[in-house]
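Structure first, then comments.
The values are calculated or read from the model by the stated rules, or taken from the named source; none is laboratory data. Worth saying up front: this structure is predicted, and the values here are computed from it rather than measured. Please note: Cβ atoms are built from the backbone with ideal geometry, for glycine as well, and neighbour counts cover all protein chains shown. When the accessible area is computed, the model is the full protein with side chains, heavy atoms only, and any ligands, DNA or RNA have been set aside. Shrake-Rupley method; radii C 1.70, N 1.55, O 1.52, S 1.80 Å.
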Amino acid sequence: QVQLVESGGGLVQPGGSLRLSCAASGRIFGIYTMGWYRQAPGKQRELVAAITSGTSTNYADSVKGRFTISRDNAKNTVYLQMNSLKPEDTAVYYCNLAYTSNSYWGQGTQVTVSS
């Protein structure tokens, strides 16, 4: 029984920054991976960044050097710091938590990069 709630999305100008947060609640035990995905209209959902409980990270090539994923295990929270935002970053961003064979998703938060 895990619930994920994202926050921090909004409208930002190109070159600006946003920080997304995802708070997980419920009973979580052991090792789990959390990540951020995004989906633009007419496109498939794609992985943006992921972080394991051991702090290993993966990033999509399109966001390397601009985005940073981090987590606070004590608070069961994952963050995505997004800098140098581009219009092509516009999408609904979803938080994901992978635990054993289960995958949990947040409701999504809209990020719009436009001048």
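Details
- Additional length obtainable on full extension of the chain from residue 74 to residue 44, 0.36 nm per residue less Cα span: 7.6 nm
- Working note: Karplus 6.51/-1.76/1.60 with θ = phi - 60° gives region 87-93 the couplings x, 6, 7, 4, 4, 8, 9 Hz, where Gly and Pro are set to x.
- Solvent exposure of region 3-103 amounts to 53 Å² per residue of accessible area, where only protein heavy atoms count and the probe is 1.4 Å.
- Of all accessible heavy-atom area on the chain, the percent that carbon and sulfur account for (1.4 Å): 47
- Were the residues from residue 102 through residue 61 laid out at 0.36 nm apart, the gain over their Cα-Cα distance would be 12.1 nm.
- Along its principal axes, the chain has C-alpha extents of 43, 25, 23 angstrom, given from the largest down.
- Approximate spin-label separation residue 2-residue 114, in nm, with each point projected 7 Å along Cα-to-Cβ: 3.4
- Taking 1.567 mPa s as the viscosity and 4 °C as the temperature, the Stokes-Einstein diffusion coefficient of region 4-44 based on its alpha-carbon Kirkwood radius rounds to 99 µm²/s.
- For region 57-115, the calculated P(r), taken from all Cα-Cα distances in 5 Å bins from zero up to the bin holding the longest distance, is 4, 14, 22, 27, 18, 10, 4, 1, 0 percent.
- Whole-number percent relative contact order across region 24-115, with pairs defined as alpha carbons under 8 Å at least 6 apart: 28
- The gain in end-to-end length when the residue 88 to residue 25 segment is fully stretched comes to 19.6 nm, 0.36 nm per residue minus the alpha carbon separation.
- Of the chymotrypsin sites (Phe, Trp or Tyr not before Pro) in region 14-85, those whose Cβ has at most 14 other Cβ within 10 Å and which sit in DSSP loop: 29
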